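Just below is one structure, and these are the notes that go with it.
Since every read-out is calculated from the coordinates, none of them should be taken as a lab result. What you see is a predicted model; the values in this text were computed from it and never measured. Note that we place each Cβ from the backbone using ideal geometry, even for glycine, and neighbour counts take in every protein chain shown.
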Amino acid sequence: MADKASVEFWFDPTCPWCWITSRWIKEVEKVRDIDVVWNPFSLSVLNEGRDLPEKYREHMEQVWGPARVVTAVAENYSQKEIDALYTALGEQIHHQQNHGGTRYEEAIVAALAVVGLPEEYAQYAHQDEYDEQMRSSTRRGLEQAGGDDIGVPLMSINGVTFFGPVISPAPTGEEAGKLFDAALGLASYPGFFELKRPRTVGPIFNHQ
């Protein structure tokens, strides 16, 4: 029997590409023997101090909140709650389209209710109490992947960290397992570094 694979997954709840890849990993959990650790990541932290287009800079100002709330939960609860909160947030933000401005706040409140976490955690969206932990988690993922010129999805398979895979839509069932087998094979080869092709579709969310 093959050894259980270890997966670490860094996520910003607001990134649609990261959301799709995370749903693939949730499918992989059903068909392969893996252990998954979910780690907070902040695109706002990643882009601090960069010369950004005005529209994207405004977006980065808005997406502090969800990552901050996830980090607060990560510091006070177990992986079970982090996993569940990411799922609930992703469904609110990406499937219910509760994104942008105050709609992120609505998504946070709704997601906390779904998971059964205290509504008071929504306040952390506007507080910096856990920012150092969020920054540390973001830095650790980037350092393991080799630099800050990447974002999310960011994942580690058996200790080998890389950006991606960027997929759309997320495969399901055995197809998800086969894609993971391929990723595991690439991660297992010390000489593998990069594989990329042009995107031909935007984010496609599977029906929930």
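Results, tabulated for the structure shown:
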{"item": "Cα centroid of the stretch 74-131 to Cα centroid of the stretch 159-194, whole Å", "result": "28"}
{"item": "5 angstrom amide H check on Val37, placed H, neighbours 5+ away", "result": "Val7, Glu8, Phe9"}
{"item": "Value of D in µm² per second that Stokes-Einstein yields for the chain, Kirkwood Rh from Cα pairs, at 20 °C (1.002 mPa s)", "result": "123"}
{"item": "Long-range amide H partners of Ser42 with built H, under 5 Å", "result": "Thr138"}
{"item": "DSSP bridge orientation in the chain - percent antiparallel, rounded to nearest 5", "result": "55"}
{"item": "Least to most buried among Arg50, Arg140, Arg197, Arg68 (fewest other Cβ within 10 Å first)", "result": "Arg197, Arg50, Arg140, Arg68"}
{"item": "Local electrostatic count, Leu117, Cβ distance below 13 Å [Lys/Arg +1, Asp/Glu -1]", "result": "-4"}
{"item": "Residue order, fewest to most surrounding Cβ atoms within 10 angstrom, among Trp19, Trp24", "result": "Trp24, Trp19"}
{"item": "Ascending count of other beta-carbon atoms within 10 Å, so fewest first, for Phe205, Phe9, Phe41", "result": "Phe205, Phe9, Phe41"}
{"item": "Cα-based Lys proximity count in the stretch 1-122, under 17 Å, for pairs eight or more positions apart or on separate chains", "result": "4"}
